[in-house]
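This report refers to the structure that appears directly beneath it.
The values are calculated or read from the model by the stated rules, or taken from the named source; none is laboratory data. Everything numeric in this text was worked out from a predicted model, so none of it was measured. Cβ coordinates were reconstructed from backbone atoms using ideal geometry, including for glycine residues, and neighbour counts include every protein chain displayed. These area figures cover heavy atoms from the full protein model, side chains too; ligands, DNA and RNA do not enter into them. Shrake-Rupley method; radii C 1.70, N 1.55, O 1.52, S 1.80 Å.
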Amino acid sequence: MSDASAPSDTAHRRRIDGDSLFIAACIGLPFLGLLLFFVYPMVIVFLRSITQSDGSLGLGNYVEVLKTSGFWRATRHSLLMSGLTTAISVLGGFIIAMGLYRCRFPGKWLIRAAIVLPLLAPSLVQGLGLIFLLGRNGLVNRLFGIEMDIYGFWGLLIANTFYALPQAVMIIGAALVLLDARVYEAAEVLGTRPLRQFRDLTLPAAKFGVLSAGFVVFTITITDFGNAAVIGGDYSVLATEIYSQVVGQRNFNMGAVVGIMLLLPTVLSYYIERQASRRMGGQKATNVQPFIPVFSPLRDIPIAAICFLISAGIAAVIAIVVYASFVTLWPYNFALSVKHYNITLAGGYSSLWMTIVISVLAAIGGTLAVFALGIGLRRAPGVVARPIQVLAAMPAAVPGMVLGLAYILTFNSTSTPLYLLYGTAALIAIVNFYHYHTQAFLTTQTGFRQFPEALEEAAGSLGAGMGRISRDVIAPFMAPMLVSVLFFLFMRSMVTLSAVVFLTTPDLSVAAVTIMRLDDAGLTSQAAAFSTCVMLVVAAALLMMKALLYGFARYGAQERR
C-alpha cells in the first residue's frame, strides 16, 4: 500500500511546489514592478528636491522656492481654482445625479451621452472648445459682437468644471443608487413631505458620496496641466509652474521641490477620499430595492431643465472642436473642408499610431499585472498581503505631473541600467499604467471578492494546479471585470497628458502632446482635427467594451437558464 501511494504523494508535493512558485511569481513580479516604477522614482524625486546646487543635501531648495512670489501666487491660484471648481462641479454633479436617478423625465440618455464626452478626450480639449466658442475669434464673439477674453481665470474655471463634472456625477450617482426604495415608501406612508424626505433621507445617505466626489474633483483640478496650458494664459498654477521650471528653465531640482509641494494637498485629499469611499462602501446592503421615481412637475421640470442646460454646455464645447476641425478658415470662411486633417507638424499622425501602440501595451501588460497580483494576494498571508495592498493603492495619490517628473529624473540618468528604457514606448506605457494603477487594482480586487471560493476548492480537489485554476476558472469568471480594466487602461492612456509630457522626445511623441504643440504653434484647427481623431479612437474602444460586456451579460443569462 505504501508503494502504491508513493507516486501519488510525490505528484502532490510537486503540485504544491509548483503552486508555491506560481504564487510567488504572481506576487513578486508585480511587487518588483511597483518598487522599480513607482517607489524608486518617487524616492529619486524627493532626493533631487533636497539636493542643493553644491551637491550637498539640505532644505536650501525649499527655502529658495518658498521665498519666491511666483510659487505663492501659483499656490493661491491652484487652491482658489480647485476650491471653486470643486464647489461648482459637486453642486452640478449632484443636480445631474438627482435628475438621472431620482427624477422622471424623458431624454436621460442624452444627458448620459453628454456626460461621457469629456472622458473621451485629453483635458486640454475643453480649453480648445472654449477658445472656439468664447475666444476673441470665437463663435459667440463673431455672432453677437461681444468682446470677451476667455484666457485666464474664468476660462480655466469653466474648462476645469466641464472636465471634472462627469467624475462628480458618477460618484454621487453611485451613492444615490444605494438608497433603498422601501425607506421612501415608509416615509410616504407616514405622510412625510418630499422636501423633508430629501433633507432627512437623501442628503444624509448621499453625504459620503458627495464628500468623495469633492475630493476627487479637487485632486483632478489641482493636478491638471492640459487646460491650464491651453487656456490658462497668465493665470499660473502649480502644474504649469513645474512645467516652467523643468522645460522652460531646465531647473530639475526646483521642479522636484514644487512637485513635492503639490503632493501635500493631493495626498491629504486622497486619504480623505479613501475614508469617505470606505464609509460609502459600508452602506452597501443586499437586496436593495431600486427607487422608481414618479413624475412630479415641481421637482422634475426644473431639475430636467438644469440637467439639459449643463449637458448642452458640455456637448457644445466638444462639438465645436469637431466642427472647427472641418472649417476652412476659422472664423472667416466657414465652408467645410478636410484640409486640417493634413497634419503639417513634423511626424504627422505618427504620434497617434504610437499612442495606440503604447495604450495597447499599457492595457494588456497592466491587466495581466493586476490580475496576477490579485491571484497572489488571495493566497498570501495577511502580513505580506496588507502592505502590498496599501502600496498598490498609493499611485492615485501622486499627480501625473509629479510621476512624469520622477520618471525623467530617474530614467534620464546614465547612473542606472534603467536608462535603457528612456525614450522608448515601453517607458511611456509603464508610466501610463502606474499612473492609473490604483483604479485598475481596486477594480480587480472587487472582482476577486465576488469570486466564490467553492469553485477554486472544487477545481483543486480535481487535481488542478493554481496556474490552471487561474486560467480556466478564475479568468473566465472575472472576464467582464478584466475587460473593463483593459479598456479603462487603454482609454486613459490614449488621452493622458500630464504624466507623459516630460517623457516625449523628438523621435517619440504621443497624441496629447502633439495636440498641445499644434495649439502652441498657432495651428488651432489642426489641433482640433487631431483631437477629433483621438476622440474617434477612444469612442470606438468604448463601444467595443460595451459590446463585449453586453455579450458577457447575455452569455451569463443563457447559462443560468
## Note on the structure
If we keep only residues of region 464-476 that are in contact (Cβ under 8 Å) with a residue 40 or more places away in the chain and open to solvent by less than 30 Å² (accessible area, probe 1.4 Å), then the residue nearest to Ala363 (Cα to Cα) is Ala475
### Task
Spot the failing condition for Ser484; the list is (1) touching a His at 6+ places or on another chain (Cβ under 8 Å); (2) hydroxyl-bearing (Ser, Thr, Tyr); (3) surrounded by fewer than 22 Cβ atoms within 10 Å (Cβ to Cβ), and only one is missed.
(1)
### Task
Go through (1) crowded, with 20+ Cβ neighbours inside 10 Å; (2) out of contact with any Leu (no Cβ under 8 Å at 6 or more places or on another chain); (3) at pLDDT below 85 and name the single condition Tyr271 misses.
(1)
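Do we have Val237 as surrounded by fewer than 20 Cβ atoms within 10 Å (Cβ to Cβ), at pLDDT 85 or above and in contact with a Ser or Thr (Cβ under 6 Å, 6 or more places away or on another chain) here? Reasoning before the result, please.
Details: surrounded by fewer than 20 Cβ atoms within 10 Å (Cβ to Cβ): no; at pLDDT 85 or above: yes; in contact with a Ser or Thr (Cβ under 6 Å, 6 or more places away or on another chain): yes.
Here the answer is no, as Val237 does not meet what is asked.
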### Summary
Requiring at least 2 residues that are under 19 Å from Leu368 (Cβ atoms), the helices (runs of 4 or more DSSP H) wholly within region 452-540 are 466-469, 479-495
### Query
Can you pull out the residues in region 339-392 that are in contact (Cβ under 8 Å) with a residue 60 or more places away in the chain and charged (D, E, K, R)?
Arg378, Arg379
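Could you tell me which of the residues Ala304, Ala319, Ala315 is of a type in the set (Gly, Ala, Ser), in a helix (DSSP H, G or I) and touching a Pro at 6+ places or on another chain (Cβ under 9 Å)? Steps first, please.
Values: Ala319 fails: touching a Pro at 6+ places or on another chain (Cβ under 9 Å); Ala315 fails: touching a Pro at 6+ places or on another chain (Cβ under 9 Å).
Unique residue meeting the criteria: Ala304.
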### Message
I'd like the full set of residues that are open to solvent by 40 Å² or more (accessible area, probe 1.4 Å) and of a type in the set (Ser, Thr, Tyr), limited to region 310-327.
### Response
Tyr323
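Is it the case that Leu133 is assigned to a helix (DSSP H, G or I), at pLDDT 90 or above and open to solvent by 60 Å² or more (accessible area, probe 1.4 Å)?
Values: assigned to a helix (DSSP H, G or I): yes; at pLDDT 90 or above: yes; open to solvent by 60 Å² or more (accessible area, probe 1.4 Å): no.
Against the criterion (assigned to a helix (DSSP H, G or I), at pLDDT 90 or above and open to solvent by 60 Å² or more (accessible area, probe 1.4 Å)), Leu133 does not qualify.
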### Query
Out of (1) among the hydroxyl-bearing types (Ser, Thr, Tyr); (2) at pLDDT below 85; (3) closer than 27 Å to Val217 by Cβ, what's the single condition that is false for Ser53?
(3)
### Task
Could you pull out the residue among Ser493, Ser498, Ser461 that is at pLDDT below 90, open to solvent by less than 30 Å² (accessible area, probe 1.4 Å), among the polar types (S, T, N, Q) and farther than 18 Å from Gly348 by Cβ?
Ser498
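Tell me which residues, restricted to region 70-82, are within 21 Å of the chain's Cα centre (by Cα) and surrounded by 20 or more Cβ atoms within 10 Å (Cβ to Cβ).
Ser78, Met81, Ser82
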### Task
From (1) at pLDDT 90 or above; (2) closer than 25 Å to Phe477 by Cα, pick out the condition that doesn't hold for Cys307.
(2)
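Which residues, counting only those in region 533-548, are open to solvent by 60 Å² or more (accessible area, probe 1.4 Å) and touching a helix residue (DSSP H, G or I) at 6+ places or on another chain (Cβ under 8 Å)? Step through it out loud before you land on a result.
We begin by selecting, within region 533-548, every residue open to solvent by 60 Å² or more (accessible area, probe 1.4 Å); these are 536, 543-544, 546-548.
Residues satisfying the conditions are Met544, Leu548.
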### Message
Among the residues of region 83-104, are any at pLDDT below 95, crowded, with 17+ Cβ neighbours inside 10 Å, touching a Pro at 6+ places or on another chain (Cβ under 9 Å) and in a loop (DSSP other than H, G, I, E, B)?
### Response
yes
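Of these, Leu361, Leu352, which one is over 30 Å from Gly522 (Cβ atoms) and either at pLDDT 95 or above or not aromatic (Phe, Trp, Tyr) (or both)? Walk me through how you get there before you give the answer.
Details: Leu352 fails: over 30 Å from Gly522 (Cβ atoms).
Criteria check complete, one pass: Leu361.
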### Pairs, first free of Cβ contacts under 8 Å to residues at least 40 places away in the same chain and over 16 Å from Pro293 (Cβ atoms) in region 182-193, second outside any helix (DSSP H, G or I) and open to solvent by less than 50 Å² (accessible area, probe 1.4 Å), C-beta under 7 Å, six or more apart
none
### Task
Among the residues of region 138-152, write down those that are open to solvent by 40 Å² or more (accessible area, probe 1.4 Å) and either of a type outside the set (Val, Ile, Thr) or within 24 Å of the chain's Cα centre (by Cα) (or both).
Leu139, Arg142, Leu143, Phe144, Gly145, Glu147, Met148, Asp149, Tyr151
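Answer with yes or no whether Arg517 is of a type in the set (D, E, K, R), surrounded by 20 or more Cβ atoms within 10 Å (Cβ to Cβ) and under 30 Å from Gly255 (Cβ atoms). Spell out how you get there, then give the answer.
On the way: of a type in the set (D, E, K, R): yes; surrounded by 20 or more Cβ atoms within 10 Å (Cβ to Cβ): no; under 30 Å from Gly255 (Cβ atoms): yes.
The answer is no for Arg517.
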### Task
Determine whether region 364-386 contains at least one residue that is in contact with a His (Cβ under 9 Å, 6 or more places away or on another chain), part of a helix (DSSP H, G or I) and open to solvent by 20 Å² or more (accessible area, probe 1.4 Å).
yes
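Condition check ((1) open to solvent by less than 40 Å² (accessible area, probe 1.4 Å); (2) acidic (Asp, Glu); (3) under 26 Å from Ser269 (Cβ atoms); (4) in contact with a Pro (Cβ under 7 Å, 6 or more places away or on another chain)) across all residues:
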| residue | (1), (2), (3), (4) |
| --- | --- |
| Ala397 | yes, no, yes, no |
| Thr410 | yes, no, yes, yes |
| Thr414 | no, no, no, no |
| Leu420 | no, no, no, no |
| Leu427 | yes, no, no, no |
| Thr438 | yes, no, yes, yes |
| Gly447 | yes, no, no, no |
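Among the candidates Ala174, Ala205, Ala229, Ala168, which residue alone is modelled with pLDDT of 85 or more and either open to solvent by 10 Å² or more (accessible area, probe 1.4 Å) or closer than 30 Å to Glu64 by Cα (or both)? First the steps, then the outcome.
Details: Ala174 fails: modelled with pLDDT of 85 or more; Ala205 fails: modelled with pLDDT of 85 or more; Ala168 fails: either open to solvent by 10 Å² or more (accessible area, probe 1.4 Å) or closer than 30 Å to Glu64 by Cα (or both).
On inspection, the qualifying residue turns out to be Ala229.
Quickly run through region 328-345 and pick out the residues that are of a type in the set (A, V, I, L, M, F, W, C) and either buried (at least 20 other Cβ atoms within 10 Å of the Cβ) or in a loop (DSSP other than H, G, I, E, B) (or both). Walk me through it before giving the result.
Going through region 328-345, the residues of a type in the set (A, V, I, L, M, F, W, C) turn out to be 329-330, 334-336, 338, 343, 345.
Across region 328-345, the qualifying residues are Trp330, Val338, Ile343, Leu345.
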### Task
Could you please find all residues in region 240-274 being free of Cβ contacts under 8 Å to residues at least 60 places away in the same chain and farther than 27 Å from Ser212 by Cβ?
Ser244, Gln245, Gly248, Gln249, Arg250, Asn251
